[in-house]
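Below is one structure, written out as structure tokens, with a few remarks after it.
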Amino acid sequence: MNVIFSRLIAFFCTITAFYAFRISKLGVHSSVGELLMNAMNDKYPLQNDLMVRAARGEKVERTPIWIFRQAGRHLPEYNEYKKTTNKNFLELLDDPADVTECTMQPIRRYDLDAAILFSDILVILQAYGIEVSMPGGVGIQVPEPLANPSEIYSRLPSGKVDVHDKLSHVITAVTSIKEELKGKVPLIGFSAAPWTLMYYMVGGSSKKNQRIGQSWLDNHPEESQALLDMLTDTVIDYMSAQIDAGADMIQVFEAMGEFVNDESFYKWCIPSLSRIATELKSKHPNVPLLVFPRGATYALKDMQRIGYDVVTLDTQTNRQEIRAILKEKENLPSSGKISVVQGNLDVSLLKAGESSVSAVEAGVKTMLEELGPHKLIANLGEGLTGQEDPEYVNAFVESVHKISEEMM
């Protein structure tokens, strides 16, 4: 009976969010979605709000931590679950029950301060009818990327994609996860940024055809702008829908920042990221907004300036230098608020057979000394790869809490 009841609640919440979206499409500025999220949090008040408070720059008693790709391949229980269900990664993403289970696995194992939706950055491409595959050993791929600019109009749907239709399984999963969490920790929703989506849409792979995206920007500027504008609209709708369904925080992943030159990043990527921040803050002013321009962290000061509450350091980012840059007057937003930073332990310290608990603890201590324990969300400089030892991952989590608490 409890399972049936939970699913009925999840269905009701999804339907409510759907109609809230429909109202907004008619031009009525409605706070129904936010009321829904508040109702969910009233039902299950956050027992651990450390992450939310830290993201807002409020005082905390210890540094919170979550981990990029904390659910998935490094966990024995995840690999066993895939085997039991006889599903691959992409098939798991199609079922809200599977998404909920995989999201919860690291929360059960580690003392993490947030859950993150178990999903993938390319689900938006599927909403556009673009096939996504994971053949194994080569990462996620788009087998048939757009062959030329004319295919923007011949292959992609005209008008806006209705994320409540095409990505309804993801939205349902968000509410299902909130039900399962019961307020234990906040839930982070996320999306790829428009440039990252375009990169895969035209190039097909993170490992091959790495110059095709930049070539489109250089040689087909009008079509590139149209594609980026289209994707920006969808990203905003998608993340807003996640918030309406219960997500407490939202992370934007500009995962392919290293595959666009600096000049193009400022010309093409920043405007989309700025519009995302502006529109989400307008619709959901109390929801913390996080961003990770991986490979382009030279632009973290700009991420702060355009309104992101939390900016993420990749592994190569100089910790003390970025703290100083964010404090400079010319880099402050109109509010004068300095962004919280997130990151950036080297993931190699967690690799099975090549590290130790003491090495992890030493790495954490150095990170906290260089960044300071305040206005910080501890994380990695890039995602878990699947080769990590859960013992070392646990040591990362526990040492962040212990050492930061001692430092405060």
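Quick check: Cα centre of the stretch 268-327 to Cα centre of the stretch 121-136, how many Å?
Using only Cα atoms to place each centre, the spacing works out to 26 Å.
What does the helix-only formula give at 222 nm for the chain: each DSSP H stretch with n ≥ 4 adding -39500 (n - 2.57), the total divided by the residues, and the result rounded to the nearest 500 deg cm²/dmol? Intermediate values should be presented prior to the final figure.
On the way: 18 runs with 203 residues, N = 408.
Per the formula, -15000 deg cm²/dmol.
For the pair Asn286 and Tyr81, how long in nm is the line joining their label points, each one 7 Å along Cα→Cβ?
3.0 nm
Return the whole-Å distance between the Cα centroid of the stretch 47-87 and the Cα centroid of the stretch 167-245.
20 Å
Would you mind checking the stretch 266-310 for residues with the amide N under 19 Å from a putative spin-label position 7 Å along Cα→C-beta of Glu330?
Only 266-267, 297-307 fall inside the zone, counting backbone N under 19 Å.
Sort Ser191, Ser224 so the one with the fewest other Cβ atoms within 10 Å of its own Cβ comes first. Write down the numbers at each step before the final one.
Details: Ser191 27, Ser224 22.
Neighbour counts put them in this order, fewest first: Ser224, Ser191.
Using 0.36 nm times the number of residues separating Glu391 and Thr278, minus their current alpha carbon distance, what extension gain do you get? It would help to have the intermediate numbers written out before the result.
Details: separation 113, 0.36 × 113 = 40.68 nm, distance 4.04 nm.
Extra length from Glu391 to Thr278 when fully extended: 36.6 nm.
Non-local amide H neighbours of Glu254 (under 5 Å, H modeled in plane, Pro and chain starts lacking H): which ones?
Here Ala193, Phe292, Arg294 satisfy the definition.
If I stretch the segment between Lys351 and Ser158 completely, what's the gain in nm (0.36 nm per residue apart, minus their alpha carbon distance), one decimal? Present the calculation step by step, with values, prior to reporting the outcome.
Working: separation 193, 0.36 × 193 = 69.48 nm, distance 4.54 nm.
Once the chain is fully extended between Lys351 and Ser158, it gains 64.9 nm.
Arranged by the count of other C-beta atoms within 10 angstrom, fewest first, what order do Trp216, Trp195 take? Don't jump to the answer; show the numbers that get you there.
Details: Trp216 23, Trp195 29.
Final ranking by Cβ density, sparse to dense: Trp216, Trp195.
Hey, what's the Kirkwood Rh for the stretch 2-407 if you take every pair of different alpha carbons, in angstrom? Before the final figure, lay out each step's value.
Details: mean 1/r = 0.0465 Å⁻¹.
About 21.5 Å, per the Kirkwood formula over Cα pairs.
Can you flag which of Lys59/Lys178; Lys43/Lys281; Lys301/Lys327; Lys365/Lys402 are past 20 Å Cα-Cα?
Details: Lys59/Lys178 25 Å; Lys43/Lys281 24 Å; Lys301/Lys327 9 Å; Lys365/Lys402 10 Å.
Checking Cα-Cα distances, Lys59/Lys178; Lys43/Lys281 exceed 20 Å.
Just subtract the alpha-carbon distance of Met407 and Ala359 from 0.36 nm times their residue separation and send over the number in nm, one decimal. Intermediate values should be presented prior to the final figure.
Numbers: separation 48, 0.36 × 48 = 17.28 nm, distance 1.91 nm.
Gain in length upon complete extension: 15.4 nm.
Collect residues whose amide H, placed 1.01 Å from N in the peptide plane, falls under 5 Å from the amide H of Ile377; neighbours closer than 5 in sequence don't count.
Val341, Gln342, Gly343
Highest mean first, what order results for 114-123, 267-276, 368-377 on Cβ atoms within 10 Å?
Details: 114-123: 23.1, 267-276: 20.4, 368-377: 18.9.
Result, highest mean first: 114-123, 267-276, 368-377.
Using a Förster distance of 51 Å, how high is the FRET efficiency between Lys208 and Asp42, based on the Cβ-Cβ distance and rounded to 0.05? Walk me through the numbers on the way to the answer.
Values: r = 49 Å, r/R0 = 0.96.
It comes to 0.55.
What is the local net charge at Ser133, summed over the other residues whose Cβ is closer than 13 Å to its Cβ (Lys, Arg +1; Asp, Glu -1)? Numbers along the way, then the final one.
Numbers: positive: none; negative: Glu91, Asp120, Glu131, Glu144.
Local net charge: -4.
Sequence-distant or interchain residues sharing an amide H contact under 5 Å with Ala352, placed H: which?
Placed amide hydrogens put Glu388, Asp389 under 5 Å from Ala352.
Bear in mind these aren't lab numbers, they're just calculated from the coordinates by the rules spelled out. This structure is a prediction, so every number in the text was calculated from the model and none was measured. Don't worry about glycine lacking a Cβ; one is built from the backbone with ideal geometry, like all the others, and counts go over all protein chains shown.
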